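Undergrad: The structure under discussion is supplied below as structure tokens; questions concerning it will follow.
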Amino acid sequence: MTALHTTPSEDAIIAIWQDEADAAPGNADIFRPDRVRPETIRKRIEILHAATEVFGSKGYATATLQEIAEQVGITHAGVLHHFGSKRNLLLETVRYRDVADLAAMGRRTMPTGRQMFDHLIETAFRNSERPGIVQGFEVLSGEAITDDHPALDYFKARYLNLRTELADTFRELCAEQGVTDEKKIAQASAAILAVMDGLQYQWLVEPDAVNLGEATEFAIRAIVDAVLPPKA
């Protein structure tokens, strides 16, 4: 598998936000095309790009809304007008990464079955082309382990959802092969996420020593094969 260079279109990203808002009205409402003007949505996406860079290079505590505002040519108050608070902007920034990944791959929801593992591998190859975004995610997820960090609940929910989706995928595929091992399924689901995060960190520290996409593909396929014997 080779690296992916696809840049998600704003329309594809907005379509996913629309789906999310329809399913569970909330934060995604600020991007709904039926409620927000197109130029406003474009400006909010621009702010998210700037926030990704600033939060990623400085961390949440040190980064300022003024720095983010200057990158997009608006005022501190302008950022607050769009997102309400620094905390809300942070949460939308980390959500945006996942939405952009789906949009870049032409998807609106996470795939199921073996395609889910392929999606995670594709994501790793895509990440190898955007170190700034990966660094931002690693910085924010690392900071979030502190009790008072505003993104802690988000990352808890994110990992829970991903583990659940992976476990459901394993159960579906195990049922097809007539095997089941709940302990292995739970361990494999957590291990895939741990491998992806750990390899990203190693790659950021020493990019010439780690091929992020290939190493991730090797690890995920090895974990999957440990639960699901390869088909003859």
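The values are calculated or read from the model by the stated rules, or taken from the named source; none is laboratory data. From a predicted model like this one, the values you see are computed outputs, not experimental measurements. We place every Cβ from the backbone using ideal geometry, glycine too, and count neighbours over all the protein chains shown.
Undergrad: Which count do you get for residues in segment 39-69 that are of a type in the set (Gly, Ala, Ser), modelled with pLDDT under 90 and more than 16 Å from residue 91 (Cα to Cα)?
TA: 1
Every residue, every condition in (1) in contact (Cβ under 8 Å) with a residue 60 or more places away in the chain; (2) on the phi > 0 side of the Ramachandran plot; (3) surrounded by 13 or more Cβ atoms within 10 Å (Cβ to Cβ), yes or no:
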residue: 143; (1), (2), (3): yes, no, yes
residue: 149; (1), (2), (3): yes, no, yes
residue: 161; (1), (2), (3): no, no, no
residue: 174; (1), (2), (3): no, no, yes
residue: 178; (1), (2), (3): no, yes, no
residue: 183; (1), (2), (3): no, no, no
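Undergrad: Now for a separate question. Considering only segment 108-116, I want to know if a residue exists there that is modelled with pLDDT of 90 or more and either touching a Ser or Thr at 6+ places or on another chain (Cβ under 6 Å) or among the β-branched types (Val, Ile, Thr) (or both).
TA: Scanning segment 108-116 turns up at least one residue that is modelled with pLDDT of 90 or more and either touching a Ser or Thr at 6+ places or on another chain (Cβ under 6 Å) or among the β-branched types (Val, Ile, Thr) (or both).
Undergrad: Cβ-Cβ distance below 8 Å, separation of 6 or more or different chains: which pairs start in segment 64-79 with a residue that is over 14 Å from residue 44 (Cα atoms) and end on one that is assigned to a loop (DSSP other than H, G, I, E, B)?
TA: That search, which allows pairs on different chains as well, returns nothing.
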